[in-house]
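This report concerns only the one structure given below.
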Amino acid sequence: MKVLIYDPFSCSGCRTCEIICAIKHSKVSNPRYSRLRIAKGDSERIIITMRCQQCSDPLCIRICPVGALTKDEKTGVIKINIERCIGCRWCIIFCPYGGAGLDITTGKPMFCDLCGGDPACVKVCPRDALHYVDIEEIHI
């Protein structure tokens, strides 16, 4: 399984990843439609990404009252059945990582889908702060 890795020491906070994500998924150049978000602390030196972590036991799936969320066991991607979703936002509220976003047009959640295995954010990052790697390659 592959995962999206973020290097906070390389990130400049330019938000290019947010823009390309919004364009790819919503056809608009507006970071509010991005499936990942850059968050800066009071100090401009503190920069983190907020995105779906593809948890092994996702709370968002367990908390959904209508069963609108599923996990692709091969890719780890959380999938949403928009027709089934009632827009309660519990998945957004209870995500411990701030990983689900809100589609301001539909009022329903948005999750990173890793662009079907070819994340656009990784390709456009000017500082090489995002990587899409096999989980087996990660050395801690």
Quick check on my filter: what residues within region 25-60 are surrounded by 13 or more Cβ atoms within 10 Å (Cβ to Cβ) and among the charged types (D, E, K, R)? 32, 35, 37, 40, 51
Looking at region 115-137 only, could you name the residues that are assigned to a loop (DSSP other than H, G, I, E, B) and more than 16 Å from residue 8 (Cα to Cα)? 118, 119
Residues to consider are 77, 133; find the one that is surrounded by 11 or more Cβ atoms within 10 Å (Cβ to Cβ), closer than 24 Å to residue 28 by Cα and not small (Gly, Ala, Ser). 77
Reported set for region 86-112 where residues are within 19 Å of residue 71 (Cα to Cα), open to solvent by 60 Å² or more (accessible area, probe 1.4 Å) and not aromatic (Phe, Trp, Tyr) is 86, 89, 93, 96
Just to be sure, is residue 128 at pLDDT 95 or above, under 15 Å from the mean Cα position of the chain (by Cα) and loosely packed, with under 13 Cβ neighbours inside 10 Å? no
Every pair of residues 6+ apart whose Cβ atoms lie under 9 Å, when the first sits in region 75-103 and is touching a residue at least 40 places away in the same chain (Cβ under 8 Å) while the second is open to solvent by less than 50 Å² (accessible area, probe 1.4 Å) and of a type in the set (S, T, N, Q): 75/54; 76/54; 99/54; 101/34; 103/26
Can you tell me how many residues within region 10-24 are under 21 Å from residue 95 (Cα atoms) and open to solvent by 40 Å² or more (accessible area, probe 1.4 Å)? 0
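The values are calculated or read from the model by the stated rules, or taken from the named source; none is laboratory data. Source: prediction; values computed, not measured. All Cβ positions, glycine included, derive from the backbone under ideal geometry; neighbour counts span all protein chains shown. What goes into the accessible areas is simple: the full protein's heavy atoms, side chains included, and nothing from ligands, DNA or RNA. Shrake-Rupley method; radii C 1.70, N 1.55, O 1.52, S 1.80 Å.
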